[in-house]
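What follows is one structure encoded as structure tokens, with my remarks underneath.
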Amino acid sequence: MAKPSSGTVNPHSRTGVRIVVAGDQGSGKSSLIITAAADNFPVNVPPVLPPTRLPEDLYPIEYLSPSSDTSSRTSEHSDKVAEELQRADTVVLTYACDRPETLESLSAFWLPHLRKLEVKVPVIVVGCKLDLRDENQQVSLEQVMSPIMQQFREIETCIECSACRHIQVPEVFYYAQKAVLHPTAPLFDQESQTLKPRCVRALKRIFILCDHDRDGALSDAELNDFQVKCFNAPLQPSEIVGVKKVVQEKMSEGVNERGLTLTGFLFLHALFIEKGRLETTWTVLRKFGYNDDIKLADDLIPPVKLAPDQSVELTNEAIEFLKAIFDAFDGDRDGMLRPRELEELFSTAPESQQSVLGWNSNMKDACQKRNALGDYHWMLFVEFSLQWSLMTLLNPTFSMENLIYIGYPGDPSSAIRVTRRRRLDRKKQHSDRNVLQCFVFGPRKAGKSALLNSFIGRPYSEGYNPTNEDRYGVNVVDVSMENKKYLVLREIPEDGVRKLLSNKESLASCDIAVFVHDRSDESSWRTSSELLVEIASHGEDTGFEVPCLIVAAKDDLDSFPMAIQESTRVSQDMGVEAPIPISVKLGDFNGLFRKIVTAAEHPHLSIPETEAGRSRKQYHRLINRSLITVSVGAAVVVVGLAAYRVYSCRQERSRVGKVLVVVGWTITN
């Protein structure tokens, strides 16, 4: 086998490849390593070699390779062998071409042993001592290894060599390094002989980015630009013709009158991989920012730095981009995306749209309506934008990452804005946020879930399904013709309040809190009011006070006795608005969602105050007054002393002046 060309410089961040050579005793491990390192066949071969660094100038890849030889002499060395294998980046398994039993040992012991140790790295099988093989038993390497490779898919490459005759020794370590730096497994399914789905998605995104005129094909100019970007060298016209000819001969749909199609682009990469030129595809992927998992590298996504009481929103540029891409994939122009169209929109992301927009099961149905069967059949743009806004609020880095995947053209940081701190909003008595988060508290069966369902347009149901973990609902609230806000309702189960408040900064992300109770149930009211006090106290203690509203749900039922007096007393004592009566069953919300948004927009109002909080504030006011009195008294004393000194000084000057005049007059006379 001829030695492959070195290809382009690999931008991989790895500084070394740890190659562990293992195999039966006498299979040629040590001779292979020494010959590769010293370029000289050893006369006396030690039983086990220490880690050996291969010379950089002998290998086309720029990374040095600390190689390690493992002994298989006795069971006492098994632990050491296992440790070395588990630290490997790639494993070279050797057998002796003149000893068939060492070949059988690979499938009988070594390959199963690697699986038992959970060593999930590429394996290179090397037949050593090629010069000693019996000439009367000439069998092709493919015939020998094909059954083993079918059984053990982790085998990357098979090669034969002779350390004594210096035959293909460098190639062994070249392929070992290549298996790490340009692995096959993430790109290609050996069993089906096809590109893996994630690889297809990445290459499709690259194709779309290079298809500048968006006509579905790479013209000669676009193909040349792609070549220059990835390989720093242009294609000659004859080379472009040759590339398209190869594709067209294999599949006619790979080329059309406009140029190389996506089908042809994918075919070329499958062809490169089949021919062992994985470095070509990896160079392309890494040039466009992909890592070894065929996901965007972390350094391509700008970090988001924000204080606990700040939030992240999509910018107008990002929303305009989402509208444009929504329209582009709305093939039938019906103003909605069906599952097939949604899947196509996200076909350039590593995972499907269910994994992107439904990245958390709690938020999967945060805004979409369901049909009678509970299925999603379409998505309007408002729902599409709502899910992106929710994703950006809760995980801005993930949101930016997926915007890049679906083709956001600008700087990723231009897609988001970090809002002003809530503490500053309270001082300025206004919030300019477009996305407001409301925590919904209340006891079981108070009506929290029914409220969320109605908020996102789901029909009322008499059935009770307890909420055991946080749940989200998001929708647009029209406060006025000019004022539209995204409101996120986060339902907090009664059992989840303690866990929430265990974090000192838990209320920092809350713009407003709503406390729901069943107005027909006195115990429901009592629990809800206790939660209100608990949340208010936590806000006072941590400095993350939040506006609060009380909601009296199930207004269609008779209220419990003393309900009005109790609720009036609590609301007046704590300085919040009287409970807002609603009936989800009757569809009467009494303008609740607009009231929530209005209260959140004016965060200095509706902040509850506990007895402890009032006492604390009164104490601080007394201390401040005392300090002011002391300060004023001290200032008066200082000013008085200064005035006295000035007066005394002036008196002294006046007296001296008079004496001088008298003296002068006396002298004159």
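The values are calculated or read from the model by the stated rules, or taken from the named source; none is laboratory data. Everything quoted here is computed from the prediction, not taken from an experiment. Cβ: placed from backbone, ideal geometry, glycine included. Neighbour counts: every protein chain shown.
Remarks
- Within region 124-141, residues that are over 15 Å from I159 (Cα atoms) reach partners that are among the hydrophobic types (A, V, I, L, M, F, W, C) and part of a strand (DSSP E or B) with beta carbons closer than 9 Å, at six or more positions or on different chains, in the pairs L132/A96.
- Subset tally (residues that are small (G, A, S) and surrounded by 13 or more Cβ atoms within 10 Å (Cβ to Cβ)) for region 109-155: 1
- Helices (runs of 4 or more DSSP H) wholly inside region 289-376 containing at least 2 residues that are at pLDDT 90 or above: 316-329, 339-345
- Listed by position, the helices (runs of 4 or more DSSP H) inside region 397-510 whose residues that are on the phi > 0 side of the Ramachandran plot number at least 1 form an empty set.
- On the stretch given as region 112-144, residues that are at pLDDT 90 or above and in contact with a strand residue (DSSP E or B) (Cβ under 8 Å, 6 or more places away or on another chain) total 14.
- Within region 431-478, the set of residues being hydroxyl-bearing (S, T, Y) and surrounded by 20 or more Cβ atoms within 10 Å (Cβ to Cβ) comprises S431, S449, S454, Y472.
- Residue pairs whose Cβ atoms lie under 6 Å apart, separated by 6 or more positions or on different chains, with the first residue in region 256-270 and small (G, A, S) and the second not in a strand (DSSP E or B), are G259/S219; G264/V247; G264/G254.
- Any hit, region 83-100, residues being over 39 Å from the mean Cα position of the chain (by Cα) and either modelled with pLDDT under 90 or on the phi > 0 side of the Ramachandran plot (or both): no
- If you go through region 233-255 and pick out every residue that is outside any helix (DSSP H, G or I), more than 16 Å from T194 (Cβ to Cβ) and modelled with pLDDT under 95, you end up with 4.
- Among the residues of region 135-192, the ones that are among the aliphatic types (A, V, I, L, M) and in contact with a Ser or Thr (Cβ under 8 Å, 6 or more places away or on another chain) come to 7 in all.
- Of the residues making up region 182-222, those that are among the polar types (S, T, N, Q) and either part of a helix (DSSP H, G or I) or in contact with a strand residue (DSSP E or B) (Cβ under 7 Å, 6 or more places away or on another chain) (or both) number 2.
- Selection count where residues are within 18 Å of N402 (Cβ to Cβ) and exposed (fewer than 14 other Cβ atoms within 10 Å of the Cβ), scope region 306-343: 4
- Of all residues in region 163-179, those satisfying the criterion of being outside any loop (DSSP other than H, G, I, E, B) and farther than 22 Å from S107 by Cα are I167, V169, P170, E171, Y174, Q177, K178.
- Matching residues in region 528-553 - criterion: being touching a Gly at 6+ places or on another chain (Cβ under 8 Å), farther than 18 Å from L452 by Cβ and either free of Cβ contacts under 8 Å to residues at least 40 places away in the same chain or buried (at least 19 other Cβ atoms within 10 Å of the Cβ) (or both): A536, E540, E545, V546
- Count - residues of region 206-241 that are in contact with an Asp or Glu (Cβ under 7 Å, 6 or more places away or on another chain) and either without any contact (Cβ under 8 Å) to a residue 24 or more places away in the chain or closer than 20 Å to I404 by Cβ (or both): 4
- Test for R471: is it among the charged types (D, E, K, R), assigned by TED's automatic domain parsing to the domain that holds L605 and at pLDDT below 95: yes
- If the condition is being closer than 26 Å to I33 by Cα and in a helix (DSSP H, G or I), then region 126-145 contributes L130, D131, L132, E135, L141, E142, V144, M145.
- All conditions but one from (1) among the hydroxyl-bearing types (S, T, Y); (2) outside the structural domain of E383 (by TED's automatic domain parsing); (3) touching a strand residue (DSSP E or B) at 6+ places or on another chain (Cβ under 7 Å) apply to T280; the one that does not is (3).
Matching residues to (1) assigned by TED's automatic domain parsing to the domain that holds R526; (2) more than 24 Å from C510 (Cβ to Cβ); (3) touching a Lys or Arg at 6+ places or on another chain (Cβ under 9 Å):
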| residue | (1), (2), (3) |
| --- | --- |
| P409 | no, yes, no |
| S413 | no, yes, no |
| L424 | no, no, no |
| R433 | no, no, yes |
| S449 | yes, no, yes |
| F455 | yes, no, no |
| S461 | yes, yes, no |
| P466 | yes, no, yes |
| V476 | yes, no, yes |
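- Filtered by the rule that a residue be at positive phi and aliphatic (A, V, I, L, M), region 265-323 gives a lone residue, I294.
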